[in-house]
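What follows is a single structure, written as structure tokens, with notes after it.
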Amino acid sequence: MSKRIDFYTASPDAMKAMMALEGAVKKLAIDPVILELMKLRASQINGCAFCVDMHSTEMRQAGESERRIATVCAWDDTPFFTARERAALAWTEAVTRIADSRAPDAAYAALAEHFSPKEMVDLTLAINTINSWNRLAIAFRKAPAA
């Protein structure tokens, strides 16, 4: 993997805006466990090694079980996630793959069953934010520390 520019130093103002958005997401009333599950799943879908490493590490540090972390990539085939978490993960996949999924009605209905309208918007903003981080990290080849 060839080294590319450091997007933080190349465009500090743009990165300040991204950091402000990330700060706003952290202040939203989203369950921190769901937020991290969503970040890990979106990063897995996008193939962002830096973010997969970062979020799985943060989940471990927060006390998440190794079993749940390892099976986020196959969440729908395991009994390890609550109905609310499953709805959030399904919505994460739908929004992350929006060009193909078009955010299907079934994923929306499952989300609406477990989340308030405000929570639905907040979660969707958080999904958009991690997808933006993934795209920056992938495009500029930001790699996990060895």
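Tabulated data for the structure shown
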quantity	calculated
Residue ID - nearest to Ile69 (Cα to Cα), chosen from residues in region 86-123 that are hydroxyl-bearing (Ser, Thr, Tyr) and assigned to a helix (DSSP H, G or I)	Thr92
Failed condition for Ile138, given (1) surrounded by 12 or more Cβ atoms within 10 Å (Cβ to Cβ); (2) of a type outside the set (Asp, Glu); (3) farther than 24 Å from Ser56 by Cβ	(3)
Selection status of Ala70, surrounded by 15 or more Cβ atoms within 10 Å (Cβ to Cβ), part of a helix (DSSP H, G or I), among the hydrophobic types (A, V, I, L, M, F, W, C) and out of contact with any Leu (no Cβ under 6 Å at 6 or more places or on another chain)	no
When residues of region 101-135 are limited to those that are of a type in the set (S, T, N, Q) and farther than 13 Å from Lys39 by Cβ, the one surrounded by the fewest Cβ atoms within 10 Å (Cβ to Cβ)	Ser116
Members of region 25-67 that are modelled with pLDDT of 95 or more, in a loop (DSSP other than H, G, I, E, B) and small (Gly, Ala, Ser)	Gly47, Ala62, Gly63, Ser65
Hey, Val95 buried (at least 20 other Cβ atoms within 10 Å of the Cβ), within 20 Å of Pro144 (Cβ to Cβ), at pLDDT 95 or above and not charged (D, E, K, R) or not	no
Lone qualifier among Ser43, Ser2 - being closer than 27 Å to Ala146 by Cβ, exposed (fewer than 11 other Cβ atoms within 10 Å of the Cβ) and in contact (Cβ under 8 Å) with a residue 60 or more places away in the chain	Ser2
So Met19, is it surrounded by 11 or more Cβ atoms within 10 Å (Cβ to Cβ), among the hydrophobic types (A, V, I, L, M, F, W, C), assigned to a helix (DSSP H, G or I) and in contact (Cβ under 8 Å) with a residue 60 or more places away in the chain	no
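The values are calculated or read from the model by the stated rules, or taken from the named source; none is laboratory data. Note that this is a predicted model, so its numbers are computed, not measured. Because the Cβ atoms are built from the backbone with ideal geometry, glycine has one as well, and the counts that use them run over all protein chains shown.
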